[in-house]
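Single-structure report; data block below.
The values are calculated or read from the model by the stated rules, or taken from the named source; none is laboratory data. In this text, all values refer to a predicted model and were calculated from it rather than measured experimentally. Methodologically, a virtual Cβ is constructed for each residue, glycine included, from the backbone with ideal geometry; neighbour enumeration extends over all protein chains shown. What goes into the accessible areas is simple: the full protein's heavy atoms, side chains included, and nothing from ligands, DNA or RNA. Shrake-Rupley method; radii C 1.70, N 1.55, O 1.52, S 1.80 Å.
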Amino acid sequence: MQETRYRLTAMLEERRPVDGLLGLPAFFTLILLAFMVLNSREDFSRENLIRLEREAQSHLDQGHFVEARLAAMRLMQDGESNSRAILIEAKALRGMGRESDALRLLARIAPNDGPGYAPAHVIQATILMAQKTPDVQAAYDHIHKALLSDPASQDAQELAARFAAGQRRWPTVLAHLDKMELKKRPDLLLMKATALQFSGQEEAAVEFAHEAENALRNMSKSATANGSEVRFSIAVSLSLQRKFGEAVEWIIGSTHGNPTREERQLVGGIYLSWSRHLKQQISSNRMEVLKLLEQGIQISPESQDLIMAFLGDCEELTSDPADRQKYVERILSNGGISTSFLHYYLGVMDWKQGNRESAKSHFELASSLNPGFKVIGNNLAMAIASVSTDRVELEKALAMINELLEQEPENPFFLDTRGHVYAKLGRYKEAVGDFERSLPNARDKTACHVKLADLYEQLGMKDMASKHRSESLVHTADATGATSAAR
């Protein structure tokens with residue numbers, strides 16, 4: 001028994017190292033299997049996140065905003081809190097009309113107190129600018145933060161360029177567009193051509209407009225292209241290349257004799273640009289310019305800028321005033337907005353001849369046919385202040401000019417008009433304030449100084465009255481000297 005036990009113990013002792021060696025591969029195999037299971041779970045999670053993100057984006061692109069938001073919320077729940085999910089949810093909220101909720105959500109990754117996630121800053125700026133009352137300063141701050149966060153962001157650069165274009169800061173527009181890839185963006189090529197034109201770089205403007213035209217014509221062959229937008233943009237590109245006749249024909253030729261309001265406005269704008277270009281030529285003929293404007297008005301009689309340009313150029317004609325009036329009546333007697341400007345013109349003529357009551361009547365008619373047009377409203381308020389003694393009517397004129405000054409607080413013409421209204425109401429202190437504000441940019445500084453002298457006299461401020469009378473004499477002498485030198 002002892003011998004047998006000894007032999008068995010010896011056999012077991014011999015097998016232990018062998019079993020240990022045989023166990024090592026199995027151990028490593030188990031570790032590998034465990035790693036493969038964990039890695040497969042991670043891959044599955046990543047694939048699930050990508051799937052959810054694609055699903056959310058697809059719903060967003062199709063305008064299914066509720067579904068897009070739910071998918072974005074699942075994306076947040078299934079994965080880590082990530083900026084793209086917040087972005088999609090914010091876009092969905094905006095599509096649902098919940099802009100304030102979208103802004104609060106975006107503030108988590110793009111706060112107001114510092115640069116955050118650049119795309120979130122871009123969306124916040126877009127929402128703020130699209131509000132009924134745009135928050136321009138807050139939008140600009142977000143654009144600035146987006147560029148600080150990611151200077152290479154094409155969306156941020158584009159929004160900054162569009163923002164600057166709205167403020168007509170053309171060098172800034174060019175600075176942003178120069179950092180962008182424009183080859184596949186004819187809309188941005190057109191913006192650059194426009195910015196170059198207004199910056200005085202006409203040759204470069206024509207070059208970019210031509211490039212935009214080629215890109216737009218290729219785009220027009222695409223089934224997914226918006227036909228009207230592409231067609232209008234091609235007309236603009238032709239206009240920027242000084243191919244005004246082709247631009248008009250491009251739009252008119254495809255209207256089938258019944259242009260829409262948008263088409264008429266575009267053609268009116270082309271004729272306006274055409275007339276301005278012609279006026280810049282050394283050998284320009286005033287009647288040719290007026291003929292172009294007349295053609296534009298016939299097609300686009302609601303184009304107020306076109307009509308104002310026409311009236312301005314008519315004033316420069318040396319023909320007999322009666323003949324000039326007949327010419328204006330023939331062009332602007334077709335009804336609607338045109339007729340309102342005819343009465344505006346007749347009112348101006350009467351005002352110049354000292355017929356203030358008649359001028360007031362014409363301005364009232366013009367205003368009733370075209371309410372809200374600033375020049376007409378300002379002239380009507382001025383005419384009321386000049387001829388009326390009815391306090392109710394004067395208060396009406398004050399309300400009218402106050403509305404205009406809310407839109408343009410530093411407009412010297414509006415300030416001058418309100419000064420006259422305040423003076424007629426006996427509110428001399430307010431009148432002085434408006435005349436003082438308008439004085440630096442006043443067209444007729446002599447008249448402004450004379451009015452201030454009278455008002456200060458009414459307020460018993462003799463020194464100030466004397467000062468402004470002296471200033472009026474200085475400006476009168478300067479004007480007389482300038483006229484003599486011109487002769």
Just to be sure, is Lys192 of a type in the set (D, E, K, R), in contact with an Asp or Glu (Cβ under 9 Å, 6 or more places away or on another chain) and in a helix (DSSP H, G or I)?
yes
Using beta carbons and a limit of 7 Å, which pairs, at least six apart or on different chains, have the first residue in region 48-75 and farther than 20 Å from Arg98 by Cα and the second one of a type in the set (Lys, Arg) and in a helix (DSSP H, G or I)?
Leu52/Arg74; Glu53/Arg84
Of the residues in region 438-487, how many are open to solvent by less than 80 Å² (accessible area, probe 1.4 Å), at pLDDT 75 or above and closer than 27 Å to Arg427 by Cβ?
25
Matching entry among Asp150, Asp101, Asp113, Asp187 (being in contact (Cβ under 8 Å) with a residue 40 or more places away in the chain and among the charged types (D, E, K, R))
Asp187
State yes or no: is Ser340 within 21 Å of Val248 (Cα to Cα) and either free of Cβ contacts under 8 Å to residues at least 40 places away in the same chain or open to solvent by less than 10 Å² (accessible area, probe 1.4 Å) (or both)?
no
Cβ-Cβ distance below 9 Å, separation of 6 or more or different chains: which pairs start in region 418-433 with a residue that is without any contact (Cβ under 8 Å) to a residue 24 or more places away in the chain and in a helix (DSSP H, G or I) and end on one that is of a type outside the set (Lys, Arg) and open to solvent by 20 Å² or more (accessible area, probe 1.4 Å)?
Glu430/Tyr422; Gly433/Tyr422
Any hit, region 425-442, residues being in contact with a helix residue (DSSP H, G or I) (Cβ under 8 Å, 6 or more places away or on another chain), within 21 Å of Asp350 (Cβ to Cβ) and of a type outside the set (Phe, Trp, Tyr)
no
Within region 301-322, restricting attention to residues that are touching a residue at least 12 places away in the same chain (Cβ under 8 Å) and of a type in the set (D, E, K, R), which residue is least open to solvent (accessible area, probe 1.4 Å)?
Asp313
Every residue in region 238-258 that is touching a helix residue (DSSP H, G or I) at 6+ places or on another chain (Cβ under 7 Å) and either farther than 28 Å from Ala204 by Cα or among the β-branched types (Val, Ile, Thr) (or both), please.
Val248, Ile251, Ile252, Ser254, Thr255
